[in-house]
Amino acid sequence: MDKIKNHAQIFLLITGLFFFGWTIHAVGFEKLRVLGPALAGPGILVFGVYPLVCIWDVLGWRVLFARKWQSKVNFAELYYIRLAGEALNNITPFVDIGGEFLKVTLASKRFSMEKRKALITVVMARTALFFSEIFFWIAGLSLIFFLFPIPRRWFFIFLGTIAGFVAVSAVISMVQKKGLFGTLIRWLERLRINPEFFERFQISLKEVDEEIAAFHFKKTARFFQTVALHFLGWVGGGFETYFMFRMVGAPISLLEGILLEAILQLTRTVSFFIP
């Protein structure tokens, strides 16, 4: 078993080095060399921002574990599991959900818990992350339109976009209250997509649905605590934008960096269908 584990670690290391080398080749070594002087100074701080931002997201995920599990869930290990999952999400085409399955598998094995329990925390963490992102957009765009002269047409475009995502979040919340996986199974059965396969998991998925719904009806304090922690993570992402702009010589303020991050994240989410 240890031999297989070591081989897997070596494979992941080689894969990571390959993607790192491929990225450098795609960008161009000459372009990266220009950034050398900037990275030699305070600009090197830009690489330390995401690991710090990730702390808030891990804290938000950890809150969702049942209290009897929180003492068993080691923060450092949970931190590494989330990093691994997000790394996979970043190379998953179109929709970054591949890493969520990895998080479920790693968390269940590392903390010796049922996959069902791990799945519940991952689903709710992803939901809270999405809700907090919408709050971040609203806060950021509100400040932008209050502090800067923005054409009115852009105001209505951004307002309509956010309204659309608020509607989506409301639908997600409603579906989770009614039964997320149960609804999915019913739709798949209507489409005649391998219904027997899903019937074998219907009992366990029903229990998952019940516990997810409990977060909306009985555990709202923990859920909104997670939303607040993820919101701080999004704000922390503004520090990364600030350092990146300062690194290339753009004199922006920290507040402007946070506001730019709100726009960048909104644009990224709207254009999710672009590989």
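Checking residue 150 against (1) out of contact with any Gly (no Cβ under 8 Å at 6 or more places or on another chain); (2) of a type outside the set (Ser, Thr, Tyr); (3) open to solvent by less than 60 Å² (accessible area, probe 1.4 Å), which test does it fail?
(3)
From 208, 227, grab the single residue that is under 21 Å from residue 117 (Cβ atoms), at pLDDT below 90 and of a type outside the set (Ser, Thr, Tyr).
It is 208.
Can you pull out the residues in segment 255-269 that are open to solvent by less than 30 Å² (accessible area, probe 1.4 Å) and free of Cβ contacts under 8 Å to residues at least 40 places away in the same chain?
257
Can you name every residue in segment 161-179 that is at pLDDT 85 or above and more than 21 Å from residue 123 (Cα to Cα)?
Listed by number, the residues that qualify are 163, 164.
Within segment 227-249, which residues are open to solvent by 30 Å² or more (accessible area, probe 1.4 Å) and among the small types (Gly, Ala, Ser)?
Matches in segment 227-249: 228, 249.
What are the residue pairs meeting all of these: first residue in segment 163-176, first residue surrounded by 12 or more Cβ atoms within 10 Å (Cβ to Cβ), second residue of a type in the set (Phe, Trp, Tyr), Cβ atoms under 7 Å, and 6 or more apart or on different chains?
Sorted first by the residue in segment 163-176, then by its partner, the pairs are 169/130; 169/131.
So which helices (runs of 4 or more DSSP H) stay within segment 62-147 end to end and still have 2 or more residues that are surrounded by 19 or more Cβ atoms within 10 Å (Cβ to Cβ)?
75-89, 98-110, 115-147
The values are calculated or read from the model by the stated rules, or taken from the named source; none is laboratory data. Every value quoted in this text rests on a predicted model; they were computed, and no experiment measured them. Please note: Cβ atoms are built from the backbone with ideal geometry, for glycine as well, and neighbour counts cover all protein chains shown. To get the accessible areas, we keep the full protein, side chains included, count just its heavy atoms, and leave off ligands, DNA and RNA. Shrake-Rupley method; radii C 1.70, N 1.55, O 1.52, S 1.80 Å.
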